[in-house]
Amino acid sequence: MFMADMIINFRTSFVQNGEVIVDAKMIAVNYLRGWFLIDAVSAIPFDFVLSKTGASDVRNPLPLSNTRTTPTAVQEWLAVNLD
């Protein structure tokens with residue numbers, strides 16, 4: 001689904017200096033210089049990639065369960081990882 005968003009962003013106009021830019025080349029250049037790298041890294045399925053490299057224990061660095069609130073989990077994670 002995230003890949004579809006990236007494709008749409010290559011065709012979405014933007015405003016520059018009060019003017020709406022609809023030129024496909026300028027839109028693509030603007031996206032590549034802006035959010036493209038963040039979107040591309042976000043779209044990588046890291047758990048799949050790690051499982052294919054032989055890393056069998058793919059852990060979540062910030063485990064959240066239904067019994068803890070997010071602030072509590074963050075505090076616990078910070079206490080363990082910053083000591």
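The values are calculated or read from the model by the stated rules, or taken from the named source; none is laboratory data. The model shown is predicted, which means the values in this text are computed figures rather than measured ones. Neighbour counts are summed over all protein chains in view; Cβ atoms, including those assigned to glycine, are modelled from backbone coordinates with ideal geometry.
Results for (1) touching a Lys or Arg at 6+ places or on another chain (Cβ under 9 Å); (2) in a loop (DSSP other than H, G, I, E, B); (3) modelled with pLDDT of 70 or more, shown as yes or no for each residue.
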| site | (1), (2), (3) |
| --- | --- |
| Thr12 | no, yes, yes |
| Met26 | no, no, yes |
| Asn30 | no, no, yes |
| Val41 | no, no, yes |
| Leu50 | no, no, yes |
| Asn66 | no, yes, no |
| Thr72 | no, no, no |
| Glu76 | yes, no, yes |
| Ala79 | no, no, yes |
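Just to check your reading of the model, which residue among Ser13, Ser42 is among the polar types (S, T, N, Q), within 12 Å of the chain's Cα centre (by Cα) and surrounded by 11 or more Cβ atoms within 10 Å (Cβ to Cβ)?
Numbers: Ser13 fails: within 12 Å of the chain's Cα centre (by Cα).
Residue meeting the stated conditions: Ser42.
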